[in-house]
Amino acid sequence: MDFTLVYSDCSVPYMRESVRLQIPCPNPIPKVKRVISIFTVPSWFMLGFVYLIVSLTMWIISNIMKTWNFEPDCFRKVADSLYNSWAILLGVSVTELPTSPYVRFLFIIYVSYCFAMTTVFGAFFTTFLIEPGYDRGFKSYEEMNNQGIEYGSLDLVDQIIQISDNEEHLRMKSKIDCSYITGCVERAMFEKNLAVLTGSNFPYFLALKHGVTDVNRVVCFLDTVFDVYVPIAMHVGNPLLPLLDRHIRQCVEAGVGEKFWSEVKHLLQLEAKRKYSENEMYFVFGLNHLGPVFILLLCGYSLSILVFVLEIIVGKFIFLSVTISKIFFLTTGKCIFFLYTRFTYGDLFYKLSFVYDFD
C-alpha cells in the first residue's frame with residue numbers, strides 16, 4: 001500500500017466491489033411435504049376424530065331409528081357409515097340421503113364442516129404443489145457451525161480482514177483452503193455445504209455461465225465483510241490523470257458499467273449450456289407425489305387385518321363359551337345361556353341369559 005501511495009497516483013474509482021460471505025441457499029421444500037403441512041398435526045388429528053365421531057353417531061342413530069323405519073340402510077352398518085362419511089369429506093355424493101330429522105341435522109353440520117375444510121385445503125393445494133417455497137436459510141455463523149458448513153479461506157483475504165473489525169467468520173470450526181476460488185464458489189452454489197468469501201458479482205457470473213435462470217435461488221450472501229473501490233494507478237505526476245478522471249466520472253454517471261454488465265449477463269445466458277436443473281413451474285406428476293395416498297392405503301389395510309384377526313378371536317371365544325355351556329348343562333342338569341353381544345357390520349344382536357334349574 002505504501003509503495004502505491006509513494007510511486008503512483010490513483011484515479012477516481014471506476015468500480016465498486018463488495019467482498020461478501022457467500023453461503024448455501026435454502027433448499028426447496030418437497031412438494032408433498034408442503035401439501036401435508038397445509039394443516040397442522042392437531043388439525044389433521046381433529047379432522048380424523050370428527051370423521052370417526054360423525055360416522056359412529058350416524059350409525060347409532062340410524063339403528064335406533066330402525067325400529068320406526070325412519071332411516072334407510074345407508075347408515076345402518078358401520079362400513080356403510082364410514083364409506084358415506086368419507087365420501088362427504090372428499091366432496092362426493094353419498095349412496096342415499098338420510099331421512100330422519102336427527103341424522104339429517106348431523107348430516108348438514110358435517111357437510112358444512114367438510115366444505116369449509118376442503119375449501120381451505122384446495123385454496124393452498126395448487127399453489128403449494130407448483131411453488132412449495134423454501135426452507136429457512138442460515139441467519140448466523142452459529143447456525144452454519146451447527147449444520148457442519150465448512151468455511152473456505154483465502155490467505156490474502158484473511159490477512160486483509162484481520163485489519164478490520166469483522167472477524168466473526170474466522171471462528172468457523174471447519175476450514176478448507178480455497179485457492180481455487182471458482183471451485184469453491186460452485187460448491188457453495190450447487191452442493192450447498194460450503195461458505196466462502198468472494199466478490200459480489202463473481203457468483204452471479206458463474207451461475208449465468210452454468211445456465212441458471214433464477215440466480216437468486218443459488219447465490220445467497222450472509223453479510224458484507226468490506227467494500228473495495230477499484231481505481232487506475234498511474235505514475236506520479238502524470239498529466240493525463242485529470243483527463244482520465246473526467247472520462248471515468250462521465251462513464252460512471254452515464255451508467256456504462258451497468259450497461260456492460262447487462263450485456264455480459266445476456267451473452268452468458270445465450271452461450272450457456274443447460275447444466276443446472278431447476279424446479280420448473282410444471283412437473284411430471286409421479287408416484288412420489290402420491291406418497292400420502294399409499295400411506296393412507298397401508299393404514300387402511302393394517303386396520304382391516306387387525307379387525308379381521310379380532311373377529312376370528314372373538315368368534316373362537318364365543319364358540320368355546322357355547323361348548324363349555326353345553327358341557328356344563330349335561331353335567332349339572334342346568335340350562336345356562338350366556339349373554340353376549342355380537343358386532344357384525346353394525347348389527348346388534350341381544351340374547352338374554354337365564355338360568356333354569358330342572359330340579
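The values are calculated or read from the model by the stated rules, or taken from the named source; none is laboratory data. Quick caveat, the model's predicted, so the values are computed rather than measured. Backbone-built Cβ (ideal geometry, glycine too); neighbour counts: all protein chains shown.
Some values worked out for this structure:
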item: Scope segment 139-152; condition buried (at least 20 other Cβ atoms within 10 Å of the Cβ) and either assigned to a loop (DSSP other than H, G, I, E, B) or not assigned by TED's automatic domain parsing to the domain that holds G199 (or both); matching residues; result: I149
item: Residues within segment 176-208 that are surrounded by 22 or more Cβ atoms within 10 Å (Cβ to Cβ) and among the polar types (S, T, N, Q), tallied; result: 1
item: Filter pass, S179 being part of a loop (DSSP other than H, G, I, E, B), farther than 17 Å from C25 by Cα and at pLDDT 80 or above; result: yes
item: Index of the failed condition, G122 passing every other in (1) exposed (fewer than 14 other Cβ atoms within 10 Å of the Cβ); (2) without any contact (Cβ under 8 Å) to a residue 24 or more places away in the chain; (3) under 17 Å from V50 (Cα atoms); (4) not hydrophobic (A, V, I, L, M, F, W, C); result: (3)
item: Counted residues, segment 94-119 - those being loosely packed, with under 15 Cβ neighbours inside 10 Å and either small (G, A, S) or outside the structural domain of N84 (by TED's automatic domain parsing) (or both); result: 2
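Every residue, every condition in (1) at pLDDT 85 or above; (2) assigned by TED's automatic domain parsing to the domain that holds A195; (3) more than 30 Å from G199 (Cα to Cα); (4) not basic (K, R), yes or no:
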site: T224; (1), (2), (3), (4): no, yes, no, yes
site: H266; (1), (2), (3), (4): no, yes, no, yes
site: E278; (1), (2), (3), (4): no, no, no, yes
site: L298; (1), (2), (3), (4): yes, no, yes, yes
site: S302; (1), (2), (3), (4): yes, no, yes, yes
site: E311; (1), (2), (3), (4): yes, no, yes, yes
site: I327; (1), (2), (3), (4): no, no, yes, yes
site: I336; (1), (2), (3), (4): no, no, yes, yes
